[in-house]
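Everything on this sheet refers to the single structure shown next.
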Amino acid sequence: IVGVHSGKGGVGKTTFAINLAALLARRHSVILVDADIDCPNVPRALGLRGQFQFVEKKIQPFEKYNMKIFSTGFLQEAEDQPIMFRGPLKHHALMQMLELGDLGEADYMIIDMPPGVSDIPLSVMQSLRPQGMIIVTSPQNLALLDAKRSINMAMTMGIRVLGVVENMGGEIFGEGGGEQLAQEFNIPFLGRIPLNKIFRETSESGNVAVLEDKEVARKFSDIIEKAGI
């Protein structure tokens, strides 16, 4: 069980989690959990529509690219419908989805964590006890500050931080902040993913970059190797 966390929204965490899971699923059985109750974006990013079906009282996952996918987005009648839950209900919704889910057997569970350091991130760390957490950040100082909060949260909860990924690096947002963050906490720097329009193009078409671009796949393979997963 590996969580993908950022602390701050808008740094490409969901896109990273989807591509990580899709690359692992080429050789392994993978469950991808979209744990963002407020704004579940995994269904749209993978081009999936519809609602969960029940078979013998078990929630049947959506499947794509050899991944089993669970998201509260599949509980909504319309994808732009808000899910307005208070904290305890968010925890209940996530846990019930997984308890009733037909998970089967899998080698990996990749959890796309919501931003922030309360509610659902706390539920995931307490209830699912991930073996590791990957922190995704963009190079800007504000993103790095929230990433520090995510690292400190994981460490406080006794969850191993597998390392830091610097996403969207390049001329626009700069680069180097993720590596400095890893050095500050003495944790592995897993790699830098440059800003690349292929991530926008693939996510808007319901595809994944790692299955369409060899260089992107190589970068993610390096990250998987360095993270030890």
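Across the chain, the relative contact order, built from alpha-carbon pairs under 8 Å that are at least six residues apart, equals 27 percent. Rolling a 1.4 angstrom probe over the chain with all protein chains present gives an accessible area of which 48% lies on carbon and sulfur atoms. The ellipsoid that matches the Cα gyration tensor of the range 64-163 has semi-axes, each √(5λ) in whole angstrom, of 24, 18, 15, with the longest given first. Exposure check, 1.4 Å probe, all protein chains in place: L144 carries approximately 20 Å² of accessible surface. Taking every Cα-Cα distance in the range 75-229 and sorting them into 5 Å bins from zero, the calculated P(r) comes out as 2, 8, 14, 18, 19, 18, 15, 7, 1, 0 percent. Once you put a point 7 Å from the Cα of R200 and another 7 Å from the Cα of L75, both along the Cβ direction, what distance in nm separates them? Taking the two extended label points, one gets 3.3 nm. Apply the a/c threshold of 1.5 to the C-alpha gyration tensor of the range 1-143 and tell me whether it is rounded, prolate or oblate. Verdict is rounded for the range 1-143. Based on DSSP H segments of at least four residues, each scored -39500 (n - 2.57), the chain has a per-residue ellipticity at 222 nm of -11000 deg cm²/dmol. Note on the chain: GNM, Cα springs under 10 Å; of E212, E105, E166, the largest mean-square fluctuation is that of E105. Model label points for I83 and S118, set 7 angstrom from Cα along the Cα-to-Cβ axis, are 1.9 nm apart.
Averaged per residue, the chain has 49 square angstrom of accessible surface, using a 1.4 angstrom probe with ligands and nucleic acids left out.
The values are calculated or read from the model by the stated rules, or taken from the named source; none is laboratory data. Because the structure is a prediction, the values reported are computed rather than measured. Backbone-built Cβ (ideal geometry, glycine too); neighbour counts: all protein chains shown. In case anyone asks, the SASA skips ligands and DNA or RNA and just uses the protein heavy atoms, side chains included. Shrake-Rupley method; radii C 1.70, N 1.55, O 1.52, S 1.80 Å.
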